[in-house]
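The values are calculated or read from the model by the stated rules, or taken from the named source; none is laboratory data. Source: prediction; values computed, not measured. Cβ sites come from the backbone with ideal geometry, for glycine too, and all protein chains shown count toward neighbours.
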Amino acid sequence: MPSSRHDELTIHTSADPRFTTRAVVEAPSGLFLVDLGERPYSENEGVSYDETAFLAAITDAYREGRGKPVDSVDEAFR
């Protein structure tokens, strides 16, 4: 599964189209599933997917306490 660093967090995503609104945030306190419900798109690009905006939105949602604890990254993408 693809992962990237955003600030001090590691964010795990899935290439599976069923899971394009969710990510697992790996933080010092554990793993947390964050589901945005929709994917952010770039305003100036029309409908093109904006990965930077997605990672920022996932990070913001996690910091707002919207993450659900999970035992593993794989668990979130089944």
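Tabulated values for the structure
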{"item": "Residues being in a strand (DSSP E or B) and either of a type in the set (F, W, Y) or in contact with a helix residue (DSSP H, G or I) (Cβ under 9 Å, 6 or more places away or on another chain) (or both) - total across the stretch 14-40", "result": "11"}
{"item": "Residue in the stretch 2-22 that is farthest from S72 (Cα to Cα), counting only those that are within 8 Å of the chain's Cα centre (by Cα) and modelled with pLDDT of 95 or more", "result": "I11"}
{"item": "Complete set of residues in the stretch 23-40 that are of a type in the set (D, E) and either surrounded by 15 or more Cβ atoms within 10 Å (Cβ to Cβ) or under 8 Å from the mean Cα position of the chain (by Cα) (or both)", "result": "E26, D35"}
{"item": "Residues being touching a Phe, Trp or Tyr at 6+ places or on another chain (Cβ under 7 Å), surrounded by 12 or more Cβ atoms within 10 Å (Cβ to Cβ) and either in contact (Cβ under 8 Å) with a residue 60 or more places away in the chain or of a type in the set (D, E) (or both) - total across the stretch 2-19", "result": "1"}
{"item": "Residue list for the stretch 62-78, restricted to those being at pLDDT 95 or above, of a type in the set (D, E, K, R) and either exposed (fewer than 11 other Cβ atoms within 10 Å of the Cβ) or assigned to a helix (DSSP H, G or I) (or both)", "result": "R63, E64, D71"}
